[in-house]
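I have placed the structure first, in the form of structure tokens, so that the comments after it can refer back to it.
The values are calculated or read from the model by the stated rules, or taken from the named source; none is laboratory data. All figures in this text were calculated on a predicted structure; none of them were measured in a lab. Virtual Cβ from ideal backbone geometry, glycine too; neighbours counted across all protein chains shown. For accessibility, only protein heavy atoms count, side chains too; no ligands or nucleic acids. Shrake-Rupley method; radii C 1.70, N 1.55, O 1.52, S 1.80 Å.
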Amino acid sequence: MTERMTGAQSLVRALEHMEVDTVFGIPGGAILPAYDPLYDSTKVRHVLVRHEQGAGHAAEGYAQATGRVGVCMATSGPGATNLVTPIADAYMDSVPIVAITGQVASAAIGTDAFQEADISGITMPITKHNFLITDPADIPRTIMEAFHIASTGRPGPVLVDISKDALQAETTFSWPPAMQLPGYRPVTRPHSKQIREAAKLIAEARRPVLYVGGGVHKAGASAELLQLAELTNIPVITTLMARGTFPDSHPQHMGMPGMHGSVAAVGALQQSDLIVGLGVRFDDRVTGKLSSFAPRAKVVHADIDPAEISKNRHADVPIVGDCKEVISDLVATIQASEERGDYADWWTVLDGYKATYPLGYDTFEDGSLAPQYVMERLGAIAGPDTYYVAGVGQHQMWASQFIGYEKPGTFINSGGLGTMGFAVPAAMGAKMGRPDATVWAIDGDGCFQMTNQELATCALEGVPVKIAVINNGNLGMVRQWQTLFYDERYSNTDLQTTRRIPDFVKLAEAYGCVGLRCERPEDVDATIEKAMEINDVPVVVDFVVHQDAMVWPMVAAGTSNDDIKIARDMAPKWENEDE
Ligand SMILES: Cc1ncc(C[n+]2csc(CCOP(=O)(O)OP(=O)(O)O)c2C)c(N)n1
Ligand SMILES: [Mg+2]
């Protein structure tokens, strides 16, 4: 199939062939030629956002809820630079998105032309790959390559920057193009020798743990994980990016590791003699002070990205491969052998931690609302089929700790970059990708003020997301650090919402949404139920909570996980780990 058309038309045609149904973006001079044929496309729906950062996070939310590539579009210069934060976010959390930007005409590149920014240079370190197209003939092939790179191997963001003259020029369109990616061949099949080594260590271990990360969900391997866990009876720990990949309610689930992890999860890692890391990064928020992390553990580390293996912690058995294949090969190898580890003593220790140090929280005598209670009730009422999309801060940690996730991919948040402003647009993208699902954003009052303009997009485009603003009147997570480490000197963390500026209920109404407010525990259920009944417009609930609620447990930054506190100046009592 060969046809004459403009570069812009060939871009839209290529997106249609890639079965893109939704693009989030804002037009401008350099990308304008592409918006003209986009206007006629019956297959690609363009969603006009209010800020390009919203477009990028919406593409991420769409990608995470659907498993498909999310697409965003912006013009050159400031449009493109507004995408930098979501691109960096997608890079850190391995989210497959394609960002398409207009660039000034090729003859003007490098002249400081109006709205010129070297966006491919700027995003070089935060994209999996990026392209600058100045020849319209390259457009279809590059689009296909961009989608391929974004979605295969370790997923990530790909930028396609197209000069205005390439969009305007006539070209010949033909499909399918032949991809030219000679150096790109992600290894998905794990090496069988490594799998046998890992199975042997598992059988020999006395205190093993499965440390499960976002890579397991991305590989679609939660069923295999359940099989491996039940076959071996090894405890399972799910990171912030893997919440729901293994059911929270499963007796083998220990909780989340790291800075705000459960005592059972943190203790299990610290005292383990074997860590089986699956699709994880040994991130500093998980390891705490690296030199004191899990000092007696051998490490099996499986990841599709060889660059992750032994990056932070030496792997005794490195396995490069797709987690679905790695885990099913492990299951098959273990099934074929007679050898099973004996972890009875280990379970006695771990069950002790779980029973002695369950997650808990303080309530307030003045009758004000505990944010953790809001999470518990939201999880109970909205249920495990809901997608929960969090912002960044205390509310994010409470959302991870207290909602209860049973299904893979139902907790979407900004883990690696920790981007305030992620929740509202990402929830919008998730809801557009999964229109039949309930989508609750859980946002902080600080985060919400960074991107709530996308409520206008949601209201006008008919995207009935629900937003729980956990309004503690503060940049709460920063305030918590000031409480603990800066002598309660609250420098610039008070958002002064005691004066209700802005009034989130009125703000919601101004944006064509329903606004509700809840300030007392006894009203929580009725408020959530009311929000659940509204399905034609977006709903914002202003949960006014106590400003002094804190996230516990906590491992202070830079300290050892052994020094985890379950409340201020309260540490768990560890078992004597040496038998
Ligand atoms: C874009 C951005 N700026 C600054 C920070 C640093 N930061 C992390 S959490 C936080 C406070 C967030 O406040 P809020 O949204 O009200 O959430 P809370 O912690 O109160 O639940 C800040 C400022 C960040 N993560 N992202
Ligand atoms: Mg806050």
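Backbone amide hydrogens, once placed in the peptide plane, bring GLY77 within less than 5 Å of ALA117, excluding anything fewer than 5 places away on its chain.
Placing dummy labels 7 Å off each Cα toward the beta-carbon, the span from TYR490 to LYS407 is 4.0 nm.
Measuring between their Cα centroids, region 267-335 and region 508-546 lie 42 Å from each other. Checking every one of the chymotrypsin sites (Phe, Trp or Tyr not before Pro) in region 87-163 against DSSP loop status and a limit of 15 other Cβ atoms within 10 Å picks out PHE114.
Taking packing as the residue-averaged number of other Cβ atoms within 10 angstrom, the listed peptides 362-368, 429-435 run from highest to lowest as 429-435, 362-368. Rolling a 1.4 Å probe across the protein heavy atoms gives the chain an accessible surface of 39 Å² per residue. When the C-alpha to C-alpha distance is required to be over 20 Å, the pairs from LYS193/LYS324; LYS289/LYS354; LYS128/LYS298 that qualify are LYS289/LYS354; LYS128/LYS298. Put simply, the amide H of VAL299, placed in the peptide plane, has neighbours under 5 Å in ILE275, ASP316, VAL317, leaving out anything fewer than 5 places away on its chain.
D by Stokes-Einstein for region 186-290, Kirkwood Rh over Cα pairs, 37 °C, 0.692 mPa s: 236 µm²/s. Compute the label zone of ILE381 within region 472-501: residues whose backbone N is under 14 Å from the point 7 Å along Cα-to-Cβ. It comes to no residues whatsoever.
Using 18 Å as the cut-off for backbone N distance, which residues of region 286-319 belong to the label zone defined by a point 7 Å from the Cα of ASP345 along Cα→Cβ? Counting backbone N atoms under 18 Å from the label point, the list is 295-298. For the peptides 333-341, 34-42, 207-215, 280-288, residues were scored by their other Cβ atoms within 10 Å and the scores averaged per peptide; the highest-first order is 207-215, 280-288, 34-42, 333-341. Can you bin region 192-357 into rounded, prolate or oblate? Criterion: square roots of the alpha carbon gyration tensor eigenvalues sorted a ≥ b ≥ c, rounded for a/c under 1.5, prolate for a/b above b/c, oblate for the rest. Rounded is the answer for region 192-357, as its axis ratio a/c remains below 1.5. At full extension, MET570 and ASP525 could sit 13.0 nm farther apart than now, given 0.36 nm per residue minus the alpha carbon distance. By the Kirkwood approach, averaging reciprocal distances over each pair of separate Cα atoms, the chain gets a hydrodynamic radius of 24.7 Å.
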